[in-house]
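Undergrad: My questions will all concern the structure given below.
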Amino acid sequence: MGKKMQVSTPTDTQILITREFDAPRHLVWRAFTEPDLLRRWWHANRAEVTAIEMDVRVGGKYRYAARAGGGYEMEFHGEYREVVPDERLVSTETFSGAPEHPALNTTTFTEKDGRTYLELLIEHDGKVSRDMHLGSGMEDGLADALVLLEGVARELAHLT
């Protein structure tokens, strides 16, 4: 499996996530942008996915929803601002728990020697929003989700 996820805070409003995957980028891209594949990893083994809607094109919308333990419902939604297949995905993101603080996510996929290097830059409207996001437990959940994503991409590699 790939290297563990790295988290840094380049500025007071940004979170930078990096991770290496043992899979080619076109398969990591597919796992990231196809609803049936996203459904297999987005839950991070912490929730039941109740909705995945994606229109992956500039101006297209997405919505992911899940129900966690104790019946806690959560939803993320936004709009795609830039879509460069296999290379770059830029989207807004609004979390149902903090709708007044949307973020801008820029995900970059690069490949070297059949391995994918993913970089996710999350830009918040302020330090308080960024710190709330960091304090939400997102780091552990995202780390587990990306392990599952790598498994989906590797499985796709074996099917082709």
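Undergrad: Just 22, 113, 36 to compare: in a GNM of the chain, with alpha carbon springs under 10 Å, which one fluctuates most?
TA: 113
Undergrad: Sticking with this one: For residue 108 and residue 12 in the same chain, what is the full-extension length gain: residue separation times 0.36 nm, less their Cα-Cα distance, in nm?
TA: Between residue 108 and residue 12, full extension yields 32.5 nm more.
Undergrad: Moving on. Hand me the chymotrypsin sites (Phe, Trp or Tyr not before Pro) from the range 70-151 located in a DSSP loop with no more than 14 other Cβ atoms within 10 Å, in residue order please.
TA: Passing both the DSSP loop test and the Cβ count: 72.
Undergrad: Moving on to the next point. Considering only DSSP states other than H, G, I, E and B, which GluC sites (Glu not before Pro) in the range 27-108 qualify as loop sites with at most 10 other Cβ atoms within 10 Å?
TA: 100
Undergrad: Taking the chain as a Gaussian network, Cα atoms linked when under 10 Å apart, which of 141, 126, 71 shows the biggest mean-square fluctuation?
TA: With Cα springs under 10 Å in the chain, the top fluctuation among 141, 126, 71 is at 71.
Undergrad: Thinking of the range 1-128 as a set of Cα atoms, what percent of all their pairs are more than 21 Å apart?
TA: Everything past 21 Å amounts to 44 percent.
Undergrad: Can I ask one more? Taking +1 at the Cβ of each Lys and Arg and -1 at the Cβ of each Asp and Glu, which of 149, 104, 78 sits farthest along the dipole of the range 6-159 towards its positive end, judged by Cα position relative to the Cα centre?
TA: 149
All of the numbers you see were taken from the coordinates with simple rules; none came from a lab. Worth saying up front: this structure is predicted, and the values here are computed from it rather than measured. Please note: Cβ atoms are built from the backbone with ideal geometry, for glycine as well, and neighbour counts cover all protein chains shown.
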